[in-house]
Amino acid sequence: MLLPEVKNHYGKLKFLIDGEWVDSKSTNIEQDTNPATDEPIAELPNATVEEAVQAVEAAHRAFQTWRNVSIRDRAYMLFSMHHKFRDNYDMLCRVLTQDHGRTIGEAKGSVARVLENIESACSAVYGLPKQNEHVMNLATGIDEYLTWEPLGAFLIISPGNIPMHAWSSFVPYALAAGCTVVVSPSRQDPVAAETVNRVTMEAGFPKGVINVVHGGRNINKEILSHPFIKGVGFIGSNRAGWELFDLCGRLGKTSSINGNGKNHVVIMPDADIDTAIPWLLRACFGMTGQRCLGVDNVVVIGNIYDEVKSKFKEAAAKMKLGYGLDPEVELGPYTTKAGMQKILDWTEKSLAEGAKMVLDGRNVKVEDYPKGYFLGPIIIENVNPDMSMAKQEAFGAVSALIRGDSLDQAIEWINTKTNLGHSACIMTQSGKNARKFMREVNVGNVGVNLGVAQPYAFFPLGSRRESFVGTAKSRLASMRMFMDEKTVTARWL
């Protein structure tokens, strides 16, 4: 039985500028669709340059006041924000499922991550005084102070795959630091993005502290190029991220930019395979594979390959597809038709390179949702680490099975066959193997006996190599991006 949609159609989306939700003057309007039905659920205006500048100027004005709000009052606002998200938890989950396509269970997990980030930002506010240092009588009559001060207004670009979670990886921390924001959400699921900001504003933040405009790459560049904007927080593709990083370099701005990943799970011969299979399902097919920590490559070491392959295929084939508002659904649609087509193309290319199909989810029929963007789980084999499919992110519900001979070999593949470094996981009962893997694998997020190496909010998303560029990692570590040191040397005698 389907959970009820919050609304069937959300109308023409508005912009949040200087504390007011306003209609856009843009004539460039797109349709936002429900990916399970391919039916429109909102109209999305693309911001004009003038509207983007208005949002930037509002954020800059608000910063002059917000930066001076006391730590106690800032914390109070964040606590209020947390209460509003708890009060609206169910609604946020249903909107996210309707607009993005994930299952309701996955939506609950994502909104829970938002709450965790807000909690972490609350703790960051109270941690600010501890970052300051004071040395008395450094020399005769001279004291030295180190203080941290907020930088100003920031651009926050949230992606289509995690529109709420990624938003919360930056925005609460910016507010905790005393900064203000202009949020530019992905156009893939803008209803989810607008909803999360509407709930935030119910907490009573002053006008201009949070601003929202919908645009695209050109508008983002306009905002980031404005002298009032001090930097950018971004999670998305390498292509877009490196363009932003190049612009930040030329303009002398700070950044936190997470890009693509090519993540691995290594299954050792001593792993508990029956326990590992559910972890694999979540890692490879959770959120339809549209997640930066999702797994494409499953490296199976030793003589357990056939058993892993058989049990993995059997479990994946039983996954129920459908509209994620049905609590029994385990695999929802892709967020966009383009995303679905990309996986079809990726699969065809893989087969052309010599891969063989283990489980073919390309021609599934989902009863009651014939127009939805559905593909079933896809599992391929006969893959080696030198194939392009083993190096490039698929970003879908696909899994490549790779035979391996040893843990050393698997670590070498992870470290040398791709330039991306989001995450890697190992499944083993050996502490020796787990410790070796943790120490030697060159990725930023490591998992042991789990499929998704998702750090808790008060740890950074520690990506490496071409998966990250910038000044500071996201989440709690982003406080280093939003603030800068000031040293004061004072002579009193």
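Read-outs: derived from the displayed coordinates by stated rules, not from any lab. Because the structure is a prediction, the values reported are computed rather than measured. Virtual Cβ from ideal backbone geometry, glycine too; neighbours counted across all protein chains shown.
Please give the contour-minus-distance gain from residue 306 to residue 12: 0.36 nm per residue of separation, less the Cα-Cα distance, rounded to one decimal in nm.
Gain on extension, residue 306 to residue 12, equals 100.6 nm.
Give me, ordered by chain and number, the residues 5 or more places off residue 215 or on other chains with an amide H under 5 Å from its own placed amide H.
Amide H neighbours of residue 215, under 5 Å, 5+ apart: 47.
Only sites in a loop by DSSP and with at most 16 other Cβ atoms within 10 Å count here; which chymotrypsin sites (Phe, Trp or Tyr not before Pro) in the stretch 445-493 make the cut?
Answer in residue order: 456, 458, 492.
Of the options 70, 36, 422, report the single residue whose Cα projects farthest towards the positive end of the charge dipole of the chain (beta-carbon charges: Lys, Arg +1; Asp, Glu -1).
70
Nearest 5 is fine: what % of DSSP beta bridges in the stretch 263-448 come out antiparallel, could you say?
If I count the DSSP bridges inside the stretch 263-448, around 10 percent turn out antiparallel.
Can you give me the long-range amide H partners of residue 153? Hydrogens built in the peptide plane at 1.01 Å from N, cutoff under 5 Å, separation of 5 or more residues or another chain.
Here 180, 230 satisfy the definition.
May I ask you to list the lysines whose Cα is less than 25 Å away from that of residue 417, ignoring any residue fewer than eight positions away on the same chain?
Cα-Cα hits under 25 Å: 262, 309, 342, 349, 356, 391, 432, 436, 473.
Using the Karplus equation 6.51 cos²θ - 1.76 cosθ + 1.60 (θ = phi - 60°), what ³J(HN,Hα) coupling, rounded to whole Hz, does each residue of the stretch 94-111 give in order, writing x for Gly and Pro?
Values per residue, Gly and Pro as x: 5, 5, 4, 5, 5, 8, 8, x, 5, 6, 5, x, 5, 5, 4, x, 5, 5 Hz.
If each residue's Cβ is checked for other Cβ atoms within 10 Å, how do 373, 126, 89 rank with the fewest at the top?
Ranking 373, 126, 89 by Cβ neighbours within 10 Å, fewest first, gives 126, 89, 373.
Just give me a number: lysine pairs in the stretch 1-147, eight or more positions apart or cross-chain, with C-alpha atoms less than 20 Å apart.
5
Might you report the magnitude of the Cβ-based charge dipole of the stretch 263-448 about its Cα centre, with Lys and Arg at +1 and Asp and Glu at -1, to the nearest 20 debye?
With only Lys, Arg, Asp and Glu charged at Cβ, the dipole is about 320 debye.
Sort 380, 17 so that the residue with the fewest other Cβ atoms within 10 Å of its own Cβ comes first and the one with the most comes last.
The order, fewest Cβ neighbours first, is 380, 17.
Run lengths n ≥ 4 of DSSP H only: what is the helix-derived mean residue ellipticity at 222 nm for the chain, with -39500 (n - 2.57) per run over all residues, to the nearest 500?
-12000 deg cm²/dmol
So which GluC sites (Glu not before Pro) in the stretch 200-266 end up in coil per DSSP with only 15 or fewer other C-beta atoms within 10 Å?
Of the GluC sites (Glu not before Pro), the ones in loops of the stretch 200-266 whose Cβ has at most 15 other Cβ atoms within 10 Å are 202.
Using θ = phi - 60° and the Karplus curve 6.51 cos²θ - 1.76 cosθ + 1.60, what whole-Hz ³J(HN,Hα) does each residue of the stretch 266-272 get, with Gly and Pro shown as x?
10, 10, 7, x, 8, 5, 7
Explain nothing, just the number: dipole magnitude of the chain about its Cα centre with +1 on each Lys and Arg Cβ and -1 on each Asp and Glu Cβ, in debye rounded to the nearest 20.
Charge dipole, the chain, about its Cα centre: 760 debye, nearest 20.
Roughly how tilted is helix 190-201, in degrees to the nearest 10 and between 0 and 90, from the longest Cα axis of the chain?
On a 0 to 90 degree scale, this one is about 40.
Starting from 0.36 nm per residue, how many nanometres of slack lie between residue 86 and residue 20 once their C-alpha separation is accounted for?
That pair, residue 86 and residue 20, stretches by 21.4 nm at full extension.
Considering only DSSP states other than H, G, I, E and B, which trypsin sites (Lys or Arg not before Pro) in the stretch 80-161 qualify as loop sites with at most 14 other Cβ atoms within 10 Å?
The qualifying sites: there are none.
Does a label point 7 Å from the Cα of residue 432, set along Cα-to-beta-carbon, have any residues of the stretch 269-304 with amide nitrogen under 18 Å, and which are they?
Within reach of a label on residue 432, which here means backbone N under 18 Å from a point 7 Å along Cα→Cβ, the stretch 269-304 contributes 269-272, 301-303.
What is the stretch 263-448's relative contact order, in percent, from Cα pairs under 8 angstrom and six or more apart in sequence?
Relative contact order of the stretch 263-448: 29 percent.
Using a Förster distance of 51 angstrom, determine the FRET efficiency expected from the C-beta separation of residue 337 and residue 140, and round it to 0.05.
For residue 337 and residue 140, the calculated efficiency is 0.10.
In sequence order, what are the phi-derived ³J(HN,Hα) couplings for the stretch 335-352 according to the Karplus relation 6.51 cos²θ - 1.76 cosθ + 1.60 with θ = phi - 60°, rounded to whole Hz, with x for glycine and proline?
Working through the residues one at a time gives 5, 9, 4, 4, x, 5, 5, 4, 5, 4, 5, 4, 5, 4, 5, 4, 5, 5 Hz.
Output the relative contact order of the stretch 379-493, whole-number percent, from Cα pairs under 8 angstrom with separation of 6+ residues.
19
For the chain, give me the percentage of DSSP beta bridges that are antiparallel, rounded to the nearest 5 percent.
Of all bridge pairs located within the chain, approximately 45 percent are antiparallel.
Which angle between 0 and 90 degrees, to the nearest 10, do you get for helix 273-285 versus the longest principal axis of the chain when only C-alpha atoms count?
Long axis of 273-285 versus the principal axis of the chain: about 60 degrees.
Residue 3 to residue 409: extension gain in nm, 0.36 nm per residue of separation minus the Cα-Cα distance?
Taking 0.36 nm per residue and subtracting the Cα distance, the gain is 141.5 nm.
Cα centroids of the stretch 116-168 and the stretch 205-234: how far apart, whole angstrom?
Going from one Cα centre to the other spans 20 Å.
To the nearest 20 Debye, how big is the dipole of the stretch 288-348 about its Cα centre, given +1 on the beta carbon of each Lys and Arg and -1 on that of each Asp and Glu?
Taking the Cα centre of the stretch 288-348 as origin, the dipole is about 80 debye.
Taking H placed 1.01 Å from N in the peptide plane, check which residues at least 5 places from residue 158 or on another chain put their amide H under 5 Å from its amide H.
184, 186
For the stretch 468-493 and the stretch 368-406, write down the distance between their C-alpha centroids in whole Å.
41
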